[in-house]
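Worksheet for the structure shown next.
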Amino acid sequence: MAKKIIQTDNAPAPIGPYNQAVQAGDTLYISGQVALDPASGELVNATLNEEIVQVMKNLSAVLTEAGMDFSNVVKTTIFLSDMQLFAEVNEVYGKYFEKDFPARETVAVKGLPKNVNVEISMIAVA
């Protein structure tokens, strides 16, 4: 099975040796996204809500580039800097899905790239 690299200027460029996403067959694996503004390269994190919205915008841009949307997402992983952020992240995250929520795990970690509060990765299927 051939793999296809998914890259869009509408999401932040990778900050390491990885791609925004890789599609293998009908399955899309999206690398963890943080709240970087793709145009400026600056963090959008004045509030936790703004940070989560930017993460979801970045994920949406990668999905769109692959010809998909949030309805194609089957699995997400949410990394938090503190589990006390869970309720607010969950509230914003949930607004991006209409029904049939994807499988998911949410974990608190000691640190995230650029000291952000939230990073989310996704798996989607066409």
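Coordinate-derived values only; no laboratory data. Values in this document were obtained by computation on a predicted structure and should not be read as measured data. When we count neighbours, we look across all protein chains shown, and the Cβ atoms used for this are built from the backbone with ideal geometry, even at glycine.
Some observations on this one:
- Among the residues of the range 85-102, not a single one is in a loop (DSSP other than H, G, I, E, B), among the polar types (S, T, N, Q) and at negative phi.
- Where a residue in the range 82-105 is loosely packed, with under 13 Cβ neighbours inside 10 Å and its partner, wherever it lies, is of a type in the set (Lys, Arg), with Cβ under 7 Å and at least six apart: 103/75
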